[in-house]
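I have placed the structure first, in the form of structure tokens, so that the comments after it can refer back to it.
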Amino acid sequence: MNSIGCSANDYVGNSKPKEEQPKEALGLRIKHYNNWVESYARNHGIPLEWVQKGVRKEDYVRPKLKAMERKKQFGVYFILKSMEQGSTFRSVNPKYPTADPNYRIINRPSQN
């Protein structure tokens, strides 16, 4: 079974701002993305649900996939929402000037 995913991080990451965006601007982009996904699901009759903890995503959507395959239909058949628990990073300006004006230092906060 193939699965293709897109997250809010993918969506927000597509913009390449010349300067760091404030948290409010990123929050608005994420809200816009979530509204777009919900609208797309509603307009196309696609189930949109939160992933339950401990449930395998592939097993959860398999009945819907099998139904699509029997009808010889292809495309988006389910949208699952989840809170990603991956690493976070912080982007900061370098302390001293560099040859590249867009150069940023990426830090990963310590994991306590």
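A few notes on this one:
- For Arg70, net neighbour charge (Lys/Arg +1, Asp/Glu -1) across residues whose Cβ lies under 14 Å away: +4
- Chain lengthening between Asn107 and Met68 when straightened (0.36 nm per residue, less Cα-Cα): 9.6 nm
- FRET efficiency estimate (nearest 0.05) - Cβ-Cβ, His32 to Arg90, R0 22 angstrom: 0.40
Any read-out appearing in this document is the output of simple, stated calculations on the displayed coordinates, not a laboratory observation. Predicted model only: the values in this text are computed from it and were never measured. Note that each Cβ is placed from the backbone with ideal geometry, even for glycine, and that neighbours are counted across all protein chains shown.
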